[in-house]
1. Quick one: which of Asn114, Asn147 is more than 24 Å from Ala210 (Cβ to Cβ) and modelled with pLDDT under 90?
2. Check Asp130, Asp135 and return the single one that is more than 13 Å from the chain's Cα centre (by Cα) and surrounded by fewer than 16 Cβ atoms within 10 Å (Cβ to Cβ).
3. If you check Tyr80 against the conditions, is it surrounded by fewer than 19 Cβ atoms within 10 Å (Cβ to Cβ) and under 23 Å from Ser131 (Cβ atoms)?
4. Would you confirm whether or not the stretch 180-187 contains a residue that is touching a residue at least 12 places away in the same chain (Cβ under 8 Å), in a helix (DSSP H, G or I) and either crowded, with 17+ Cβ neighbours inside 10 Å or not assigned by TED's automatic domain parsing to the domain that holds Tyr83 (or both)?
5. Scan the stretch 86-144 residue by residue and report those that are of a type in the set (Phe, Trp, Tyr) and either over 19 Å from Phe184 (Cα atoms) or part of a helix (DSSP H, G or I) (or both).
6. Considering only residues that are of a type in the set (D, E, K, R) and surrounded by fewer than 17 Cβ atoms within 10 Å (Cβ to Cβ), look in the stretch 1-44 and name the one that is nearest to the chain's Cα centre (by Cα).
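The values are calculated or read from the model by the stated rules, or taken from the named source; none is laboratory data. Predicted, not measured: the structure shown is a model, and the values here were computed from it. For neighbour counting, all protein chains shown are included, and Cβ atoms are generated from backbone atoms with ideal geometry for every residue, glycine included.
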Amino acid sequence: MSKSPNFKNLTNRKYGFLTALYVDEDKTTPHHTYWVCQCVCGKTRSLQTFQLTSGRVTSCGCQNRKTKLHAIIKNRRRIYSVYSSMIARCYNPKSISYRYYGEKGISVCDEWKNSFESFVAWAENNGYNDSLSIDRIDNSKGYSPSNCRWIPLSEQSNNKSTTVSISHNGETHNLKTWSDILNFPYSLAKSRHKEAKKKNITPSFDYLFAPNKKPRKTI
């Protein structure tokens, strides 16, 4: 293929996140030269000379996706907090809640795990607002569209005013349900809650379900 009269050698030149590698002979015409370019993310893309030199294209598209994702996160900070906590407790051994979730085989479906946008879409199509907490319908199963719902942070099971509800990492359950999930003695959690109530203090999740024999001093 003969080169264009206005041919410019862009070999190894950088344009934003792209590096021009070599002429794409399959696409190049006598009037337009195409370059195979490699993005910093590792992907390659074939682009015309003017697209690179004019600054019109500066990545394979990954940076645009990152910008959009950052915008989504910025406008949905609370839901991102719910999402990141969900991922952490299922996959990050350093998470304080990992032993209750990931270690017990609780996982996040691939659709959500691989895409925060998909999680946002599901949440907003299923009544999400910032006063709600994510809840697994069947606590023996993981996080997925078919097994999750949004419930009020203050919701109390069976609508009984005496039922104690505890919120932790974006999930809300009553004291008995948390005890079942964590395989923790319900009587111990209940006694700790009663002790805190006498002191007119709201107990933390870690205080109620501390694995050691004696609860932590801070409640």
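1. Working: Asn147 fails: modelled with pLDDT under 90.
Testing whether each residue is more than 24 Å from Ala210 (Cβ to Cβ) and modelled with pLDDT under 90 leaves just Asn114.
2. Details: Asp135 fails: surrounded by fewer than 16 Cβ atoms within 10 Å (Cβ to Cβ).
Matching residue, one of Asp130, Asp135: Asp130.
3. On the way: surrounded by fewer than 19 Cβ atoms within 10 Å (Cβ to Cβ): yes; under 23 Å from Ser131 (Cβ atoms): yes.
It is true that Tyr80 is surrounded by fewer than 19 Cβ atoms within 10 Å (Cβ to Cβ) and under 23 Å from Ser131 (Cβ atoms).
4. In the first step, residues of the stretch 180-187 are kept if they are touching a residue at least 12 places away in the same chain (Cβ under 8 Å); the result is 180-182, 184.
With the extra rule that they be in a helix (DSSP H, G or I), the set shrinks to 180-182.
With either crowded, with 17+ Cβ neighbours inside 10 Å or not assigned by TED's automatic domain parsing to the domain that holds Tyr83 (or both) added as a condition, the list becomes 181-182.
Taking every residue of the stretch 180-187 in turn, at least one turns out to be touching a residue at least 12 places away in the same chain (Cβ under 8 Å), in a helix (DSSP H, G or I) and either crowded, with 17+ Cβ neighbours inside 10 Å or not assigned by TED's automatic domain parsing to the domain that holds Tyr83 (or both).
5. Taking the stretch 86-144 as the starting set, the residues that turn out to be of a type in the set (Phe, Trp, Tyr) are 91, 98, 100-101, 112, 116, 119, 122, 128, 143.
Scanning the stretch 86-144 gives Tyr91, Tyr98, Tyr100, Trp112, Phe116, Phe119, Trp122, Tyr128, Tyr143.
6. Applying the first criterion (of a type in the set (D, E, K, R)) to the stretch 1-44 yields 3, 8, 13-14, 24-27, 43.
Imposing the further condition that a residue be surrounded by fewer than 17 Cβ atoms within 10 Å (Cβ to Cβ) reduces the set to 3, 8, 13-14, 25-27, 43.
Numbers: Lys3: 48, Lys8: 44, Arg13: 36, Lys14: 32, Glu25: 41, Asp26: 40, Lys27: 39, Lys43: 24 Å.
Result: Lys43.
Yes/no matrix, rows are residues, columns are (1) at pLDDT 80 or above; (2) in the same structural domain as Ser118 (by TED's automatic domain parsing):
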{"site": "Lys3", "(1), (2)": "no, no"}
{"site": "Asp24", "(1), (2)": "yes, no"}
{"site": "Pro30", "(1), (2)": "yes, no"}
{"site": "Trp35", "(1), (2)": "yes, no"}
{"site": "Gln38", "(1), (2)": "yes, no"}
{"site": "Gln48", "(1), (2)": "yes, no"}
{"site": "Ala88", "(1), (2)": "yes, yes"}
{"site": "Ser97", "(1), (2)": "yes, yes"}
{"site": "Gly102", "(1), (2)": "yes, yes"}
